[in-house]
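Have a look at the structure below before the remarks.
Quick note: the coordinates plus some simple rules give every number you see, no bench work behind them. Being a predicted model, the structure only gives us computed values, none of them experimental. Backbone-built Cβ (ideal geometry, glycine too); neighbour counts: all protein chains shown.
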Amino acid sequence: MIVIRLKGGLGNQLFQYSAGYSLSKRLNQDLYVDTSYYVGDKLRSYKLDCLNIGSLNIATLKEIPYRIKLTKNRYINKAVRVMDKSCFSIGKDWKFLIETGTGLIDEFFSVHSKNVFVDGYYQSSKYFDSFRSDLLDKYSPNYKMDEQYYDVLSNIERVNSVAVHVRRGDFARAQYANPRHYLLNEQYYCNAMKIIKDSIYNPVFFWFSDDINWVKEKFGKNTNDKYIYVSLSTIHPDIDEMMLMSKCKNIITANSTFSWWAAWLNKHDDAMILCPEKAYGIPEMIPDRWEKIRCE
């Protein structure tokens, strides 16, 4: 069995599941997910059951060796990462694969065991690009979409649409503790939009943000540009907005796994995908064809 420890929001869950799916296919083993992080979590919730992934195997604590369960403790987990060793044998039947944060984990591509427990974020499509077709089929909502969703989708499909993602909210607080959670300034978006305008005829910018009022304040004064501000009140607004972003013909991403996934799910072969030049993950996080834009 392959067990992937899920944690974080929607974008991170997609990274983790994708890596686990890829590994389970390579080793021809059943995939299980450990969702215990979400018990009592008031900030994040388990979202994969809202997608067309099918019936997921949920790992129970009794199936996981005690020494692996201990690594859920933040201090023990950090201590293991500091060792900068990515693969450990646990007994004779288990391998513990942990991401140390230094780059791609080579052992991910070579590990062989009847049972593998996978811990980390695995934020690179290099872990799962071979199964892109499978994952594109799986990563669609399994519930009936709201009329509000279809209204926005209709507008997206009839113009040269450009999704623009602005992540502020929790980053406004987290930037001081984690340098990767930096706030993108207005200049980044101005630089990106200029490239779009120079390359695409009559673009229409669809803004998505967890602080849409900030967006309107900073970018709502230029009447020469076509802006549409998207803020859904559907049952699953996070999934719906990610799907709408992915439907746009082009996308300007933020330093966020949320818009990273909207870009990766985009099926337009000629889509312009613009992203921050400043790193916000491991070096292999940004696909080669995406264009990196200065943040200042």
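Most tightly packed first, judged by the mean number of other beta-carbon atoms within 10 Å of their residues, the peptides 201-207, 70-76 read 201-207, 70-76.
Please work out how much length the chain gains when fully extended from D84 to N202, using 0.36 nm per residue of separation minus the C-alpha to C-alpha distance, in nm with one decimal. Answer, rounded to one decimal: 37.5 nm.
With θ taken as phi - 60° and the Karplus curve 6.51 cos²θ - 1.76 cosθ + 1.60 applied, the whole-hertz 3J(HN,Hα) list for segment 24-38 is 5, 5, 5, 8, 6, 10, 5, 9, 10, 10, 9, 9, 5, 4, 8 Hz, x standing for glycine and proline. Here's how it looks for M272: its modeled amide H is under 5 Å from those of I251, which are all 5 or more places away or on a different chain. Going by the alpha-carbon gyration tensor, a ≥ b ≥ c the square roots of its eigenvalues, is segment 238-296 rounded (a/c under 1.5) or, if a/c is not under 1.5, prolate (a/b greater than b/c) versus oblate? Taking the square roots of the gyration eigenvalues as a ≥ b ≥ c, segment 238-296 is prolate. DSSP beta bridges confined to segment 80-141 are antiparallel in about 45 percent of cases.
As a quick test, which of the pairs K78/K278; K95/K278; K218/K292; K42/K267 have an alpha carbon distance above 29 angstrom in this structure? Violating the 29 Å limit, Cα to Cα: K95/K278; K42/K267.
Considering only the chain, what is the antiparallel percent among its DSSP beta bridges, to the nearest 5? Counting DSSP beta bridges with both partners in the chain, the antiparallel share is about 15 percent. Taking each residue as 0.36 nm, the span from K292 to D270 lengthens on full extension beyond its C-alpha to C-alpha distance by 6.3 nm. Ranked from largest, the principal axis spans of the Cα set of the chain equal 66, 40, 35 Å.
Of the peptides 81-93, 233-245, 122-134, the ranking by mean beta-carbon count within 10 Å, highest at the top, reads 233-245, 122-134, 81-93.
With a Cα-only, solvent-free Debye model of segment 84-240, what are the log10 I(q)/I(0) values at q = 0.08, 0.13, 0.20 Å⁻¹? Values returned for q = 0.08, 0.13, 0.20 Å⁻¹ are -0.39, -0.91, -1.29.
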